[in-house]
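Report on one structure; see the data block that follows.
The values are calculated or read from the model by the stated rules, or taken from the named source; none is laboratory data. Owing to the predicted nature of the structure, the values given are computational and were not obtained by experimental measurement. Glycine also receives a Cβ, built like all others from the backbone with ideal geometry; neighbour counts cover every protein chain displayed. Side chains included, ligands, DNA and RNA excluded: accessible areas come from the protein's heavy atoms. Shrake-Rupley method; radii C 1.70, N 1.55, O 1.52, S 1.80 Å.
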Amino acid sequence: MLQLDPTAWQSIVQHPAMAIGLTVTAFFLAIRLQRLARGSVLLNPTLVAIVITATGLHAFGVGYDTYMRGAGFMHFLLGPAVVVLAIPLYRQTPLILSSKRLLGASLAVGLPVGIVSAVGIAWALGATTETILTLAPKGATSGISIGVSEKIGGIPVLTAVLVICTGVSGAIVGPPIMRILGVTDHRVFGVTMGISAHGQGIAESFKLSEVAGAFAGLGMALNGVLTAMVIPISLTLLR
């Protein structure tokens with residue numbers, strides 16, 4: 001029987017192509033699983049793909065640092081993917097310009113609620129200052145929240161995990177809540193999902209329409225920029 005040399009096996013599993021292949025395969029399987037379940041929001045593709053990828057890494061004995069060295073290219077692609085969101089925004093420019101009050105009201109409510117609820121609950125439960133500072137920026141997308149967390153004295157890695165949890169949970173419970181509340185305006189659906197669920201909210205919004213997706217992207221971007229401004233200023237005033 002042919003036996004593979006342990007050193008050769010380690011070279012295979014630690015090759016960059018292995019990390020990319022595992023990630024793509026996991027996401028493909030996650031999408032197929034959700035389709036088989038007739039689009040159940042409980043089987044969120046990102047959440048399922050994370051579980052599959054983590055299980056695969058553990059089975060192959062591959063550490064996170066090794067995995068990220070291979071999957072770094074896919075992480076780099078997140079930047080261009082966000083820039084591409086400018087296309088639907090450009091197409092919906094007239095509608096966006098006529099919805100300034102809607103956007104302003106959404107941010108005026110969503111931004112403080114996202115920050116105060118996380119910080120308030122953590123404070124009420126007796127969390128440490130470091131934990132509270134880690135939670136404060138989790139309402140923004142990961143590219144912004146991680147940087148804010150690092151600057152204000154939080155734990156960036158934990159903030160990243162919290163952002164993912166926020167996005168996945170928002171994508172799962174957001175659409176059903178919208179249906180229960182009778183929300184039919186695609187602009188409202190989009191901006192709400194973008195502010196509360198970041199990239200996951202954008203993905204769910206594009207399933208509804210391009211209008212919803214465009215407003216979700218704009219909501220996520222504006223909420224992220226304002227979060228990066230409001231939190232440091234607020235901490236400076238409080239101190």
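Taking the listed residues VAL173, VAL183, VAL157, VAL188, the one that is among the aliphatic types (A, V, I, L, M) and surrounded by 16 or more Cβ atoms within 10 Å (Cβ to Cβ) is VAL188, with no other qualifying.
Taking the numbered list (1) over 20 Å from ALA140 (Cβ atoms); (2) surrounded by fewer than 19 Cβ atoms within 10 Å (Cβ to Cβ); (3) touching a residue at least 24 places away in the same chain (Cβ under 8 Å) in turn, VAL225 passes all entries but (1). Of all residues in segment 128-163, those satisfying the criterion of being in contact (Cβ under 8 Å) with a residue 24 or more places away in the chain, not small (Gly, Ala, Ser) and not in a helix (DSSP H, G or I) are THR141, ILE155.
Filtering segment 32-41 to residues that are assigned to a helix (DSSP H, G or I) and exposed (fewer than 14 other Cβ atoms within 10 Å of the Cβ) leaves ARG32, ARG35, LEU36.
The C-beta contact set for segment 175-192 (first residue assigned to a loop (DSSP other than H, G, I, E, B), second residue at pLDDT 90 or above and open to solvent by less than 50 Å² (accessible area, probe 1.4 Å), distance under 6 angstrom, 6+ apart or interchain) comprises VAL183/PHE189. Residue by residue through segment 42-94, note down the ones that are among the hydrophobic types (A, V, I, L, M, F, W, C), touching a residue at least 12 places away in the same chain (Cβ under 8 Å) and open to solvent by 90 Å² or more (accessible area, probe 1.4 Å). Result: LEU42, PHE73, LEU78. For segment 201-217, the tally of residues that are assigned to a helix (DSSP H, G or I), open to solvent by less than 40 Å² (accessible area, probe 1.4 Å) and out of contact with any Leu (no Cβ under 6 Å at 6 or more places or on another chain) stands at 9. Restricted to segment 14-31, and to residues there that are open to solvent by 40 Å² or more (accessible area, probe 1.4 Å), within 18 Å of the chain's Cα centre (by Cα) and not aromatic (Phe, Trp, Tyr), the residue that is farthest from PHE76 (Cα to Cα) is ILE31. Checking each residue in segment 101-126 for being polar (S, T, N, Q), open to solvent by 30 Å² or more (accessible area, probe 1.4 Å) and over 20 Å from LEU235 (Cα atoms) picks out no residue at all. Taking the criterion of being outside any helix (DSSP H, G or I) and over 18 Å from ALA216 (Cβ atoms), the residues of segment 50-100 that qualify are GLY61, VAL62, GLY63, LEU77. Taking GLY120, is it within 21 Å of MET229 (Cβ to Cβ) and either among the aromatic types (Phe, Trp, Tyr) or outside any helix (DSSP H, G or I) (or both)? Criteria not met by GLY120. When you check ILE195 against the structure, is it touching a residue at least 40 places away in the same chain (Cβ under 8 Å) and part of a helix (DSSP H, G or I), yes or no? Against the criterion (touching a residue at least 40 places away in the same chain (Cβ under 8 Å) and part of a helix (DSSP H, G or I)), ILE195 qualifies.
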